[in-house]
1. For residues that are β-branched (Val, Ile, Thr) and under 22 Å from Asp186 (Cα atoms), scanning just segment 110-155, find the one that is most open to solvent (accessible area, probe 1.4 Å).
2. Could you grab me the full set of residues in segment 202-220 that are away from the ligand (no atom under 16 Å from the Cβ), of a type in the set (Gly, Ala, Ser) and open to solvent by less than 10 Å² (accessible area, probe 1.4 Å)?
3. Please pick out the residue among Leu7, Leu22, Leu64 that is modelled with pLDDT of 95 or more, open to solvent by 40 Å² or more (accessible area, probe 1.4 Å) and under 19 Å from the mean Cα position of the chain (by Cα).
4. Is it true that some residue in segment 249-256 is within 14 Å of the ligand (Cβ to nearest atom), within 14 Å of Ala175 (Cβ to Cβ) and not hydroxyl-bearing (Ser, Thr, Tyr)?
Amino acid sequence: MDARQPLVGGNWKMNTGPEEALELARAIIDALDADWAQRCDVCLFPPFPWLSHIGREASDSPVLVGGQDVSDKISGAYTGQVSASMLLNSGCTMTLVGHSERRHGLGESDSLLNAKVRQAIAEGLQVMLCVGEQLAEREAGHSEEVVAQQVAAGLEGVLKEDLSRISLAYEPVWAIGTGRNASPEDAQAMHRRIRADLEKQYDAPSASGVRIVYGGSVKPSNADDIFAQPDVDGGLIGGASLDAEAFLAIIQAAASSSAS
Ligand code: PEP
């Protein structure tokens, strides 16, 4: 199996003011240990209005910056949308697609999310595609099929040679912002299933190179156990990413998992 460098993303959602955002980014950039940064990729996902400032702040550092969403359109009369080229021009190298607060909260469909994925990679961004089952689907025993369908639909038409631009975030919806995380074993089982499906859709070497991160109430206290799982390649962090100290501790846990 190829060694996968862990990836930790900080999804700030619709939080922080301009100065707070800059201070938070600076605190993370300044305190990021060079050794951890070599063993773990770190990407901040601030709100759109702060992207250029944070992009400039991070430009001479190992910290990456990404958009929380991207349009499926190139440009034009799409009020309120942000294109991939705008993200690139703001210093982003990555974007989230399909976070549950958009997929479920705003009703974004699999076909729209697939169009966003394809547009973003066509323009040169890396994509973190978010997938995950809702509580009722889990309780009905349908988690695996729901997630498998979201992955297949989200990646439809994505070529094997573009798979290196994709990472996946498995985020059970019932675990996001609730303080209730999936057990490390449950996360591993789902990540293993996702990778097995990628093997079928592409091939084993390609699937083994795709980073699958876990998201849902990751904190410094549970990060070590979750990241120790062989198919968990880091995390997408919401609440704890707004606290530099907690976020850095989570990065350290991911960096240490790659050393073990
Ligand atoms: C998220 O928003 O992607 C997330 C995982 O949030 P939290 O860490 O707060 O559960």
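1. Step by step, filter segment 110-155, then rank; the result is Val146.
2. The one that is away from the ligand (no atom under 16 Å from the Cβ), of a type in the set (Gly, Ala, Ser) and open to solvent by less than 10 Å² (accessible area, probe 1.4 Å): Ala207.
3. Leu64
4. no
The values are calculated or read from the model by the stated rules, or taken from the named source; none is laboratory data. Worth saying up front: this structure is predicted, and the values here are computed from it rather than measured. Methodologically, a virtual Cβ is constructed for each residue, glycine included, from the backbone with ideal geometry; neighbour enumeration extends over all protein chains shown. Areas reflect the complete protein model, heavy atoms only, side chains present, ligands, DNA and RNA absent. Shrake-Rupley method; radii C 1.70, N 1.55, O 1.52, S 1.80 Å.
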